[in-house]
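Before any comments, here is the structure.
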Amino acid sequence: MLPKSVKIGSVATENNVFLAPLAGYTDFAFRSLCIDYGAGLTCTEMVSANGLLYNSRATKELLYTAPNEKIRCAQLFGSDPALMKEALLHEDLAPFDVVDVNMGCPVPKIFNNGAGSALLNDLPKAEKILSAMCSTGRNVTVKIRLGTERGKSVAVEFAKMAEGAGVKLIAVHGRYRPDYYAGEPDFGEIARVKNAVNIPVIANGGIFSRADAETMMEKTGADGVMLARGALAKPCLFSEILGREYVFDLYAAVSRQLELLKTRFDDIRIAVNFRKVMPQYLKGVACDRRIRLAFTQVNSTAEILSLLKEV
Ligand SMILES: Cc1cc2nc3c(=O)[nH]c(=O)nc-3n(C[C@H](O)[C@H](O)[C@H](O)COP(=O)(O)O)c2cc1C
């Protein structure tokens, strides 16, 4: 895939292979690793606008960025236009170059509060949120799904509304809410969005290899791709897609991630989080079942590194 820069309002990325936000996985350390492998843009996982306004410590922690994240992007979720604007103007978001709005999350906890993909069913509300945020002059982007009912895409209408509201880029996950993360993305619908607007359109869904990225680009004509689960298993997927030479050593990658995390978190907290991170890394890796299971029960980072020597 031929890399090209993507303009997001007043900033421009180095290339068009982006990392998606993944709650519980794409912390600053993982994002830093992805940048080393060439990611053109990284973003925090979704943070709650309310959490930010209540000065929640957990929310603040999610907004920590790595030194190599040259373009800083945070993702917000919420459902109230005035509060979303207030959150955007909060001092904790001041260092961010881009603020993305989550309008695609399918999980009931978010959806039932009128946020995430619920906003795909309420275009007037979504427009109020985006217009209020864009009125600040900041670089606002939005990440959506195709719709909340399979086969009933609202993506084109939604994208036109977002462009009109002043949004600088739209990322389209080519699946519907009931699909969650399963099945092939609908390339045709992403292509229709690309043809309907003049702002950059980034295509997301089911990219696990260079061939998948090429298919996505060919079939959608999008301006770039966004990697999610594919990057969790292989942060070097960015280099693979960009056609850059790279070396990927799982032990070295995990050690680096752990070292970065140790600058901010207790050992036990990191280890507990890695109980779910390691199974992602081990997808596609030949590894004894006993070791796989042991990774899901670790209590220290030393244990993780010692188990990795056995993989
Ligand atoms: C565990 C998990 C957490 C996610 N968290 C977020 C999130 O915080 N914000 C968001 O916009 N999308 C989130 N997503 C959706 C991904 O960004 C992406 O759109 C989706 O996984 C489809 O891409 P893929 O098929 O390449 O994985 C999440 C997905 C997963 C599996």
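Output yes when any residue across the range 174-184 is more than 15 Å from the ligand (Cβ to nearest atom) and either outside the structural domain of V98 (by TED's automatic domain parsing) or at negative phi (or both), and no when none is. The answer is no, given that none of the residues of the range 174-184 is more than 15 Å from the ligand (Cβ to nearest atom) and either outside the structural domain of V98 (by TED's automatic domain parsing) or at negative phi (or both). Inspect the range 283-292 for any residue being closer than 16 Å to R31 by Cα, in a helix (DSSP H, G or I) and either without any contact (Cβ under 8 Å) to a residue 24 or more places away in the chain or in contact with a Ser or Thr (Cβ under 7 Å, 6 or more places away or on another chain) (or both) and give the result as yes or no. No. Restricting R275, R229, R256 to those that are closer than 30 Å to V201 by Cα and surrounded by 12 or more Cβ atoms within 10 Å (Cβ to Cβ) reduces the list to R229.
Looking only at residues of the range 251-268 that are part of a helix (DSSP H, G or I) and within 22 Å of the chain's Cα centre (by Cα), we find that the one that is farthest from F295 (Cα to Cα) is L260.
Mind checking which residues of the range 27-48 are among the hydroxyl-bearing types (S, T, Y) and free of Cβ contacts under 8 Å to residues at least 60 places away in the same chain? Listed by number, the residues that qualify are T42, T44, S48. Please determine whether any residue of the range 84-92 is within 14 Å of G114 (Cβ to Cβ) and surrounded by 22 or more Cβ atoms within 10 Å (Cβ to Cβ). Within the range 84-92, one or more residues are within 14 Å of G114 (Cβ to Cβ) and surrounded by 22 or more Cβ atoms within 10 Å (Cβ to Cβ).
Checking each residue of the range 98-105 against the condition of being among the polar types (S, T, N, Q), surrounded by 19 or more Cβ atoms within 10 Å (Cβ to Cβ) and either in contact (Cβ under 8 Å) with a residue 40 or more places away in the chain or at positive phi (or both) gives at least one match.
Here's the yes/no breakdown for (1) within 15 Å of the ligand (Cβ to nearest atom); (2) under 15 Å from the mean Cα position of the chain (by Cα):
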| residue | (1), (2) |
| --- | --- |
| T141 | yes, yes |
| L146 | yes, no |
| S153 | no, no |
| V156 | no, no |
| K160 | no, no |
| E163 | no, no |
| G166 | no, no |
| I170 | yes, yes |
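Could you go through the range 225-245 and let me know if any residue there is within 16 Å of the ligand (Cβ to nearest atom), within 16 Å of the chain's Cα centre (by Cα), of a type in the set (D, E, K, R) and not in a loop (DSSP other than H, G, I, E, B). Checked against the condition, which is being within 16 Å of the ligand (Cβ to nearest atom), within 16 Å of the chain's Cα centre (by Cα), of a type in the set (D, E, K, R) and not in a loop (DSSP other than H, G, I, E, B), the range 225-245 yields at least one hit.
Conditions (1) under 26 Å from G183 (Cα atoms); (2) assigned by TED's automatic domain parsing to the domain that holds G40, marked per residue:
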| position | (1), (2) |
| --- | --- |
| G221 | yes, yes |
| Y281 | yes, no |
| C287 | no, no |
| F295 | no, no |
| A302 | no, no |
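Here is the figure for the range 116-132: residues that are in contact (Cβ under 8 Å) with a residue 12 or more places away in the chain and away from the ligand (no atom under 16 Å from the Cβ) total 7.
Could you look through the range 95-127, keep only residues that are under 19 Å from the mean Cα position of the chain (by Cα) and in a loop (DSSP other than H, G, I, E, B), and pick out the one that is nearest to L83 (Cα to Cα)? Across the range 95-127, the extreme among qualifying residues is A115. From the list R31, R72, the lone residue that is buried (at least 23 other Cβ atoms within 10 Å of the Cβ), charged (D, E, K, R) and at pLDDT 95 or above is R31.
Of the helices (runs of 4 or more DSSP H) contained entirely in the range 1-75, those carrying at least 2 residues that are within 16 Å of the ligand (Cβ to nearest atom), of a type in the set (F, W, Y) and closer than 29 Å to A211 by Cα fall at 28-36.
For the range 209-224, the set of residues classified as more than 12 Å from the ligand (Cβ to nearest atom) and of a type in the set (A, V, I, L, M, F, W, C) consists of A211, M217, A222, listed by residue number. Scanning the range 232-252 for residues that are of a type in the set (A, V, I, L, M), over 13 Å from I207 (Cα atoms) and touching a residue at least 40 places away in the same chain (Cβ under 8 Å), we see that the one that is surrounded by the most Cβ atoms within 10 Å (Cβ to Cβ) is L242.
The values are calculated or read from the model by the stated rules, or taken from the named source; none is laboratory data. The model shown is predicted, which means the values in this text are computed figures rather than measured ones. With ideal geometry, Cβ positions are generated from the backbone for all residues, glycine too; neighbour counts draw on all protein chains shown.
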